[in-house]
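Enquirer: Encoded as structure tokens, here's the structure I'll be asking about.
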């Protein structure tokens, strides 16, 4: 594909197409090639001769076996920016391992700090795939800016493992400093109260008390307990963590006696940070959610708008292509005198 960003054509189904394909391929042209066929190889070679960027995520070494070794591409097209995305990189003991998102979540240690105390858990979206793509996008933009000065392209290597290891820097630093992170679900190892508490009408409201002053406001103004606010046994976060069970019980008793609307209004009135623990159905109707509508081969799909907002004119979002929809067009553009075999 070519167009608005990187391509990932797999994932759960949504409206007939892969949900990931629909999310990431709007505004692109879609070309299907069989690189076992010489004419198709010739077309890819013609495209690369004019391209600014070549992104590939085959197993390390595979693109070379198909006739496009990266070192030769760099010599033939010195302005080309080549980005190779893989599971574990092109060197090292894991370079030839298969890598899927969940496997890298496990191998990088992310799963070990995700979920509750009872067992590791998978993050509910493909964070390793997404992190690798974001790092690739950033590195490609940097390479293009450098090329504008020097005239030289670049060969970039991004691995899912490296991308996730980077995100795991803080837990790793904590571990090597003698304080390994614990799996706590929505709780926090060193802050109390911190977590979700159920209201009378069944909503889960999450709070995160960040200071002793905020605790006093919560105790007196929200829980309605001036004595608790003044009690030295709960005055500092250190003391509250020591008495986490009792601290949480005091909060849970009041939250559980109030309806969500009354509780959240009281929290807001007293500047206590909180959030509702929503599910995907709640996100679908969230008042803060901005949406765009994009045409797909199966009909229009509405999904969250890109997070960056511009002060320019309203942005247009082009359609998601059918797989291979532009093959004939691209063939005519790059090899007009050659018929596809």
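Enquirer: Is region 268-291 home to any residue that is over 32 Å from the mean Cα position of the chain (by Cα), over 27 Å from residue 29 (Cα atoms) and modelled with pLDDT of 95 or more?
Expert: Yes, because at least one residue in region 268-291 is over 32 Å from the mean Cα position of the chain (by Cα), over 27 Å from residue 29 (Cα atoms) and modelled with pLDDT of 95 or more.
Enquirer: Sort out for me the helices (runs of 4 or more DSSP H) sitting completely within region 233-341 that have 3 or more residues that are exposed (fewer than 15 other Cβ atoms within 10 Å of the Cβ).
Expert: 244-255, 260-269, 280-284, 327-334
Enquirer: Given the criterion in a loop (DSSP other than H, G, I, E, B), loosely packed, with under 14 Cβ neighbours inside 10 Å and either in the same structural domain as residue 90 (by TED's automatic domain parsing) or out of contact with any helix residue (DSSP H, G or I) (no Cβ under 7 Å at 6 or more places or on another chain) (or both), identify the matching residue among 152, 166.
Expert: Just one listed residue meets the conditions, 152.
Enquirer: If I go through region 107-149 residue by residue, how many of them are farther than 30 Å from residue 52 by Cα, part of a helix (DSSP H, G or I) and within 16 Å of the chain's Cα centre (by Cα)?
Expert: Qualifying residue count for the region: 2.
Enquirer: Which of the residues belonging to region 39-58 are free of Cβ contacts under 8 Å to residues at least 60 places away in the same chain and either assigned to a helix (DSSP H, G or I) or under 28 Å from residue 100 (Cα atoms) (or both)?
Expert: Answer for region 39-58, where residues must be free of Cβ contacts under 8 Å to residues at least 60 places away in the same chain and either assigned to a helix (DSSP H, G or I) or under 28 Å from residue 100 (Cα atoms) (or both): 41, 44, 45, 48, 49, 54, 56, 57, 58.
Enquirer: Right, something else. Go through (1) farther than 25 Å from residue 95 by Cα; (2) part of a strand (DSSP E or B); (3) touching a strand residue (DSSP E or B) at 6+ places or on another chain (Cβ under 6 Å) and name the single condition residue 158 misses.
Expert: (1)
Enquirer: Looking at (1) crowded, with 16+ Cβ neighbours inside 10 Å; (2) at pLDDT 95 or above, which is the only condition residue 20 fails?
Expert: Against the list (1) crowded, with 16+ Cβ neighbours inside 10 Å; (2) at pLDDT 95 or above, residue 20 comes up short only on (2).
Enquirer: Is it true that residue 158 is buried (at least 17 other Cβ atoms within 10 Å of the Cβ) and outside the structural domain of residue 100 (by TED's automatic domain parsing)?
Expert: So residue 158 does not fit the description; no.
The values are calculated or read from the model by the stated rules, or taken from the named source; none is laboratory data. Remember, it's a predicted structure, so these values are computed and weren't measured experimentally. Here the Cβ is made from the backbone with ideal geometry for all residues, glycine too, and neighbour counts use every protein chain on show.
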